[in-house]
Each structure stands twice: as C-alpha cells, then as structure tokens.
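Taking it in order: structure first as structure tokens, then the write-up.
Each value in this text was obtained by applying a stated rule to the coordinates, not by laboratory testing. Since this is a predicted model, take the numbers as computed values, not measurements. Every residue, glycine as well, gets a Cβ built from its backbone with ideal geometry; the counts of neighbours run over all protein chains shown.
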C-alpha cells in the first residue's frame with residue numbers, strides 16, 4: 001500500500017461490534033453518519049467514509065478527511081467519544097474467534113494466533129489507502145471522493161430499508177444504474193456483470209459451494225417477477241431519487257477518469273477491475289454478502305438481456321420467435337443489397353483472463369485415427385456412461401487438432417501477393433471462424449486440472465480458469481442430475497464446450513450471424529464426435545443443458561458468446577458392455 005496522493009489528511013477509527021448486522025446498521029445510521037455530516041457542516045472535515053471489515057473481529061472502519069490537522073483531530077476525538085457510547089446495556093453475545101474466522105477459511109491454529117478485539121472497543125488506526133487496487137496515484141484521490149458519496153448513499157439506504165427484501169431491491173436499482181453509467185451497450189453490461197458474478201466463485205469458497213443455487217435463485221426471481229422488475233427498471237430511469245443519480249453520475253465520472261488514465265499509461269490495472277472494487281464496497285457498506293452480490297449481478301444481467309415479455313415456449317404461428325427470426329434473417333434477392341455481408345478480417349479472439357503460458361499440444365498423428373471413414377461413421381455412438389479414467393494428452397491433441405484445428409496450409413492465390421493460408425477442419429462462413437472450443441480438463445495427463453481454450457492456429461491450450469467442482473458440472477444439465485443420471489459425469493476426464501463468438505460475427509453478417517455460427521458449431525461437433533470415435537474415445541453430444549450455468553462453467557458470457565454443445569469425453573476402454581443412448585441429444 002502507498003500513501004494517498006490527495007492533499008487531504010486522514011484519521012481512522014475502528015469500532016468493534018459483535019452484535020450482528022442489524023447492530024452495525026444502527027451504529028452507522030444512529031452515530032457515524034449523523035455525526036460525520038455534522039462535522040462536515042461545521043467545517044471540521046470535508047470527506048468521510050466507512051466500510052465493514054472482519055480482521056481482529058467484526059467491526060466498522062470510519063475514515064475522516066480534511067485539510068486542517070487540528071480540526072481533524074477535534075473531529076476524530078468527537079467521533080471516538082460518540083462511538084464509545086454503548087449501543088446497548090445488554091451484554092454482547094459471545095463470539096468465538098475460531099468459529100468467526102472459519103467463515104474466511106482460516107484454520108483454527110492460525111485463528112487462535114490472530115488479534116481479537118472485544119465488542120465495543122474503539123481503536124485509533126492508520127489509514128492506509130489501497131492505491132494500486134483503485135487505479136494508482138492519479139486515481140486514489142477521485143476514488144476517495146467516490147467513497148464519500150457511496151458512504152452517504154449507503155447510510156441513507158440502510159436507514160430507509162431495515163428489511164432484507166427492500167434493501168435487496170434498492171441494491172438492484174443501484175446496480176442497474178451503475179452499469180449504465182459505465183457502459184453504453186447492453187452486451188458490455190451483461191458481460192461485465194456475469195464476469196463479476198463468476199469472479200466470486202474463485203475468490204470465496206463459501207460462495208463457490210452455493211454458486212449454482214444462487215444462480216438458480218436469480219433465474220427463479222426473473223421467471224416469477226421479471227415483468228414487474230422490468231417495469232421498475234424503466235421507472236427508475238425516469239424518476240430515480242436524486243441520491244441515486246448523484247452516485248451514478250459519480251460512477252460515470254470515475255469510469256471516464258480511469259479510462260483516460262489507461263489511455264495515457266497512468267492506470268494501475270484496468271478501469272473495469274477498479275470499478276469491480278467500487279461496486280463491491282458499496283455493497284459492503286450496505287451489509288450485503290458476497291452471495292448477495294452474485295445473485296444481484298446475475299439478476300441484473302438477466303434483466304438487461306431480457307427482450308421483454310417471454311412468449312409461450314411452445315407458441316405457434318407467425319409471431320413465434322423462432323419463425324419470426326427465421327423470416328427476418330432470410331437472404332432475399334430484393335433486399336440483398338442491404339444484407340450484403342460486410343468485409344472483415346477473420347475473428348481473432350482476445351483472452352482477457354488467460355493465465356500462464358499456453359500449453360503446446362503434441363503434434364497431430366493421423367495414424368492414431370486412421371480407421372476408414374465409413375467404419376468410423378458406422379461405429380459412432382452416444383455413450384451414456386464409461387466416462388472415467390485418465391485421458392492422454394496425445395489423444396486430446398489429436399481430437400482437437402483433427403476435429404477443430406488446422407489440417408493443412410495452402411496458397412491463397414487471390415491475395416496480392418499470394419500468401420499461405422491455414423485450412424481449418426471445418427467450414428466457416430466467409431472464413432470468419434467464430435468457433436470457440438473450451439476444454440474442462442479434470443483428468444488429462446500432462447496438464448493441470450483447469451479450464452482451457454483451444455488455440456487452433458498454434459495447436460495449444462490456453463488456461464482461462466480453474467477446474468469446476470463435479471457438483472457444479474452436474475447442475476449444468478438435467479441429464480447429469482439424479483441418483484441414476486442419463487449421463488454419468490462424476491469421473492469424466494474432460495468435457496468440451498463448443499460455442500461461437502456472436503459479438504464478433506454480428507457486425508459482418510447481421511441477423512444471419514446466428515445461423516452461420518450455429519452451423520459452424522454443428523460442423524465442429526460432428527467432426528469432434530467422429531474423431532473421438534476413430535481414437536477409441538467415448539463421447540456424447542449434449543444439447544440439453546442449462547445455458548447460463550454451462551456458460552458460467554466455460555467462462556463465456558452467454559449473451560454474445562454462446563454454447564451449442566457440451567461433449568463429455570471418456571478415456572479409451574475395453575468395456576464392451578458400456579451403455580449408449582441419445583444422451584439428451586443425438587444417438
């Protein structure tokens with residue numbers, strides 16, 4: 001941590017409260033916020049903020065700022081005296097340090113060695129600004145301004161929403177305005193929100209354990225009250241309280257400031273990651289949990305992505321969405337002038353969250369899949385079980401290389417001058433190649449269990465995330481659930497996710513992009529299934545899955561980045577009695 005580069009002096013107080021969230025709320029609304037506003041009105045401070053924290057025991061951290069040190073010392077003394085006044089004459093409930101620290105995954109032995117403060121203790125502390133977390137020296141001053149506005153808003157919300165349901169509703173309103181202040185398009189907002197939700201699965205073990213249920217709760221809310229929430233969303237755009245608008249304006253200014261710093265090379269991290277922290281901290285001030293944040297991020301993304309009232313899923317007639325889309329996306333001679341595909345380069349995916357160096361795959365060995373095509377087609381089956389064992393990296397490399405990789409190089413004579421061009425395993429409209437192949441490797445020899453994206457041009461795997469717990473995988477499809485699932489994935493060594501990047505395809509092909517993208521997914525899936533058969537691997541194409549749950553596992557946004565198939569892959573087996581079925585898809 002580094003010192004703030006703003007010209008303010010700071011004082012910090014920590015007040016420990018073992019009486020639960022409601023008591024901390026009262027501390028903020030009855031003592032901290034009213035006194036801070038009074039101190040500001042008297043000119044003793046010019047900024048203040050608070051956060052909730054856990055180290056040393058549950059407590060509220062109060063920060064006071066001002067240009068005059070003597071006035072600031074007076075303000076600190078007045079705040080300390082107020083905080084030392086007991087919240088209640090009743091004794092505080094006993095809080096065991098070891099049990100308390102367990103929720104932060106701290107082992108008992110370590111917990112016993114940590115500092116512990118009793119209920120009611122007030123400690124003068126040093127304010128150590130998290131300069132790097134909030135964008136660097138040129139961003140910390142504006143960040144502190146936003147802390148102040150966020151604290152004022154959070155204190156007002158807490159005072160007006162003592163009930164959990166009401167506070168959650170306000171938190172959703174604030175979140176929708178927050179992303180609108182950051183982004184101008186729905187696709188950017190949806191992507192950021194879903195990345196925000198997914199982030200918590202990797203940061204918080206408790207969140208990870210209940211992630212699927214939290215996601216399902218957001219979807220249940222959307223199904224039950226989506227229209228009401230959409231009306232509320234639209235009403236907020238027109239008549240949001242002034243305090244909301246002040247905060248949203250501040251969020252917009254902060255985002256613009258960070259992006260400008262990024263353009264000039266003066267930003268630590270990225271604007272998006274810094275704004276993650278700003279959002280998290282207002283929710284912290286409001287007393288929301290990380291699981292609450294996941295729920296809200298998913299629900300907000302569903303609201304933004306929603307096209308309006310959902311029709312009957314099996315609706316018939318010309319207004320049925322599938323028929324309407326098919327008609328609207330047709331090429332017609334009379335309109336082809338306006339529908340003519342726009343020129344563009346092949347899609348090059350940028351992996352924002354790639355980690356470590358890419359893993360080279362063994363070169364493709366056609367001899368491993370040399371069976372005659374007619375025999376392979378006749379032998380292909382959709383397996384229901386037998387997805388066990390360890391998968392060799394050589395076989396995975398052959399599967400990806402022959403099924404979705406570069407299979408040849410030829411000269412492109414139409415170029416000036418002629419240039420060599422890689423030939424892919426599957427056709428693609430206009431050679432756009434929007435295909436995405438991600439691999440959930442759970443038991444693959446030679447690589448760590450993790451989520452990877454296949455890089456066909458270089459025949460490599462790039463790690464993009466961690467391996468998913470098997471229970472999360474089970475919850476991703478109705479065919480994986482139950483005591484006797486249609487498809488058993490408990491020990492599956494690898495799962496392929498076959499998808500496409502519509503966001504990069506759409507500017508070239510408009511409404512036709514979705515057709516072309518799903519066709520390409522189908523081409524690749526068929527190739528991969530046939531190659532897996534030739535390699536002696538068990539496989540099944542699964543098209544019946546919970547879309548957003550699967551996209552979350554594959555770390556795709558589910559909005560512009562879509563998935564058409566999951567393909568569980570089993571290691572070679574001599575078990576002739578293993579079961580085959582349609583696997584919820586195709587046999």
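Report, to the nearest 10°, how far helix 271-285 tilts away from the longest principal axis of the Cα atoms in the chain, using its own Cα long axis and a range of 0 to 90°.
That works out to roughly 50 degrees.
For the stretch 1-123, what log10 I(q)/I(0) values come out of the Debye formula at q = 0.11, 0.17 1/Å, with one point per alpha carbon and no solvent?
Cα-only, vacuum Debye calculation for the stretch 1-123: -0.43, -0.88.
Can you tell me the orientation of helix 137-160 relative to the chain, as the angle in degrees between its alpha-carbon axis and the longest Cα principal axis, to the nearest 10?
It works out to around 80 degrees.
What are the semi-axes of the equivalent ellipsoid of the stretch 81-166, taken as the square roots of 5 times the eigenvalues of the Cα gyration tensor, listed largest first and rounded to whole Å?
Whole-Å semi-axes of the equivalent ellipsoid: 28, 23, 16.
Quickly estimate the mean residue ellipticity at 222 nm for the chain, helices only: each DSSP H run with n ≥ 4 gives -39500 (n - 2.57), and the total goes over all residues, rounded to 500.
-14000 deg cm²/dmol
Would you work out the relative contact order for the stretch 15-63, in percent, from Cα pairs under 8 angstrom that are 6 or more residues apart?
Worked out over the stretch 15-63, it gives 46 percent.
Quick check: residue separation of residue 235 and residue 123 times 0.36 nm, minus the Cα distance between them. What number comes out in nm?
Result: 35.9 nm gained on full extension.
Take each of the peptides 110-120, 544-554, 446-456, average the number of other beta-carbon atoms within 10 Å over its residues, and list them starting from the highest.
Descending packing order for the listed peptides: 544-554, 446-456, 110-120.
Among rounded, prolate and oblate, which fits the stretch 277-327 when a ≥ b ≥ c are the square roots of the eigenvalues of its C-alpha gyration tensor, a/c under 1.5 means rounded, and a/b larger than b/c means prolate?
Since a/c reaches 1.5 and a/b is larger than b/c, the shape of the stretch 277-327 is classed as prolate.
Which value results for Rg/Rh of the stretch 36-183 when Rg is the Cα radius of gyration and Rh the Kirkwood radius based on the inverse mean 1/r?
That ratio equals 0.99.
If you take the alpha carbon radius of gyration of the stretch 218-348 and divide it by 2.2 N^0.38 Å, what ratio comes out, to two decimals?
With N residues counted in the stretch 218-348, Rg over 2.2 N^0.38 Å equals 1.50.
Which value, to two decimals, describes the C-alpha radius of gyration of the stretch 444-488 once divided by 2.2 N^0.38 Å?
In units of the globular-protein estimate, the stretch 444-488 measures up at 1.49.
When the gyration tensor of the stretch 408-473 is built from Cα positions, what are the square roots of 5 times its three eigenvalues, in whole Å, from largest to smallest?
Output for the stretch 408-473: semi-axes of 34, 13, 8 Å.
Using the alpha carbons of the stretch 370-460, what is the convex hull volume per residue in cubic angstrom, as a whole number?
Roughly 151 Å³ of hull volume per residue.
Could you state the orientation-averaged shadow area of the convex hull built on the Cα atoms of the stretch 202-280, in nm² to one decimal?
Its Cα hull, projected and averaged over all orientations, spans 7.5 nm².
Helix 211-239: angle to the longest alpha-carbon principal axis of the chain, degrees 0 to 90, nearest 10?
70
Explain nothing, just the number: relative contact order of the chain, from Cα pairs under 8 Å at least 6 residues apart, as a whole percent.
Worked out over the chain, it gives 13 percent.
So for the stretch 83-132, what percent of the C-alpha to C-alpha distances run longer than 15 Å?
For the stretch 83-132, the fraction of Cα-Cα distances above 15 Å is 62 percent.
Once you compute Rg and the Kirkwood Rh from C-alpha atoms, what is the Rg to Rh ratio for the chain?
1.03
When you have a sec, figure out the Kirkwood radius of the stretch 353-413 from all distinct Cα pair distances and drop it here in Å to one decimal?
With all distinct Cα pairs of the stretch 353-413 included, I get 14.6 Å.
Using alpha-carbon pairs under 8 Å, 6+ residues apart, how would you state the relative contact order of the stretch 181-297 in percent?
The value is 46 percent.
As an exercise, find the ratio Rg/Rh for the stretch 384-523 from alpha-carbon atoms, using the Kirkwood inverse-distance average for Rh.
Rounded to two decimals, Rg/Rh equals 1.04.
Please report, in whole Å, how far the alpha carbons of the stretch 455-564 spread along each principal axis, starting with the longest.
The Cα atoms of the stretch 455-564 stretch 46, 31, 25 Å along their principal axes.
Given q = 0.22, 0.28 Å⁻¹, what are the Debye log10 I(q)/I(0) values for the stretch 57-114, with equal point scatterers placed on the Cα positions and solvent ignored?
-0.88, -1.10
For a protection proxy built on the mean count of beta-carbon atoms within 10 angstrom, sort 88-98, 140-150 highest first, please.
140-150, 88-98
Please report, largest first and rounded to whole Å, the three semi-axes of the ellipsoid equivalent to the stretch 284-409, where each semi-axis is the square root of five times an eigenvalue of the C-alpha gyration tensor.
In descending order the semi-axes read 38, 31, 22 Å.
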